[in-house]
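Accompanying notes for the structure given below.
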Amino acid sequence: MLDADPRFVFEREDHREGLARILFGVTQIGGIVLVTGEIGCGKTMLTSTLVRLLDGSGLRVARVSNPPRTGAALLGEIVDALDVAAPGRTAASRAAALRIAMTEGRARGERLVLVVDEAQRLDRRALDELRMMTNPDDGPGAPVVLLGQPELADRVGALAQVDQRVAARYHMAGMGPDEVDAYIGHRTRIAGADQPIFSERASVAVHEVTGGVPRLVNLTCANALFVAAGRGERLVSADTVHDVAEDRARAAGGG
């Protein structure tokens, strides 16, 4: 259940809503789209879905994951992603090169979209550079999608000029109990199971110990399957799920 195989992708309501807001912001409004969520909630998969959907739409995506903190370094990664030649290594020279590239792209009927994952890493100057890209002094602007951990919202909120450019916001939460149950059923069926592998109480327990965070659900279920097989369980039990969670907590605490 840990594989990133696209066959296992489960279309969560949270993902549909987040994707809808991003697409609306990017295609209809412009400015900045801000998406936050805890580690493991699926922000990176959401980004990959967005890039796939925009392919061939006339929107050219420059995607930066785990960005550098500073404005000049971030703009350097963006120009590299777009294969744009910048005359210097300063933020100003790289921003100017991007504006020229955006103008030339518009002439070809192409619009640039900047997507930055793990954007909570960015410093104030880098966030402001992105803000200026949405509305440069001359030439077309580029919508910017920022995805990051919850503290990103605080960082953006502390910068009035950046915050005012946010056209759409969304916070991705964990799955609810029913969605966790459907998620487990979907992934086990795709893996080849023709009947339930987790008991109803086990699915409830998975939600309880993971908060519905997909990455933790995957990890907990994978370990529970291993332990259940060793115990000879035909159905993974709630006790097994709780035992796995307790083992994980002890390991994390060094116990």
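Give the number of residues within segment 173-214 that are surrounded by fewer than 16 Cβ atoms within 10 Å (Cβ to Cβ) and basic (Lys, Arg).
Of the residues in segment 173-214, 2 are surrounded by fewer than 16 Cβ atoms within 10 Å (Cβ to Cβ) and basic (Lys, Arg).
Which one of these is outside any helix (DSSP H, G or I), in contact (Cβ under 8 Å) with a residue 40 or more places away in the chain and either open to solvent by 10 Å² or more (accessible area, probe 1.4 Å) or more than 21 Å from residue 61 (Cα to Cα) (or both): 112, 152?
112
Name every residue in segment 51-85 that is among the aliphatic types (A, V, I, L, M) and either without any contact (Cβ under 8 Å) to a residue 12 or more places away in the chain or within 17 Å of residue 125 (Cβ to Cβ) (or both), in order of residue number.
Scanning segment 51-85 gives 64, 72, 73, 74, 75, 78, 79.
Among residues belonging to segment 75-90 that are part of a loop (DSSP other than H, G, I, E, B) and small (Gly, Ala, Ser), point out the one that is surrounded by the most Cβ atoms within 10 Å (Cβ to Cβ).
86
Would you mind telling me which numbered condition in (1) touching a Cys at 6+ places or on another chain (Cβ under 9 Å); (2) of a type outside the set (Val, Ile, Thr); (3) assigned to a strand (DSSP E or B) residue 187 fails?
(3)
Restricting segment 219-238 to residues that are open to solvent by 20 Å² or more (accessible area, probe 1.4 Å) and in contact (Cβ under 8 Å) with a residue 12 or more places away in the chain, which is farthest from residue 41 (Cα to Cα)?
First pass over segment 219-238, keeping only residues open to solvent by 20 Å² or more (accessible area, probe 1.4 Å): 219, 222-223, 225-227, 229-235, 237.
From what's left, in contact (Cβ under 8 Å) with a residue 12 or more places away in the chain: 219, 222-223, 225, 227, 235, 237.
Values: 219: 13, 222: 17, 223: 19, 225: 22, 227: 25, 235: 26, 237: 25 Å.
Filtering first and then ranking leaves 235.
Among the residues of segment 4-24, are any open to solvent by less than 30 Å² (accessible area, probe 1.4 Å), at pLDDT 85 or above and in a loop (DSSP other than H, G, I, E, B)?
No, every residue in segment 4-24 fails to be open to solvent by less than 30 Å² (accessible area, probe 1.4 Å), at pLDDT 85 or above and in a loop (DSSP other than H, G, I, E, B).
Look through 93, 48 and report the one residue that is under 15 Å from the mean Cα position of the chain (by Cα) and free of Cβ contacts under 8 Å to residues at least 12 places away in the same chain.
48
The values are calculated or read from the model by the stated rules, or taken from the named source; none is laboratory data. This one's a predicted model, so the numbers in the text were calculated from it and none came from an experiment. All Cβ positions, even for glycine, are placed from backbone atoms using ideal geometry, and neighbour counts span all protein chains on display. Only protein heavy atoms, including side chains, enter the accessible area calculation; ligands, DNA and RNA are left aside. Shrake-Rupley method; radii C 1.70, N 1.55, O 1.52, S 1.80 Å.
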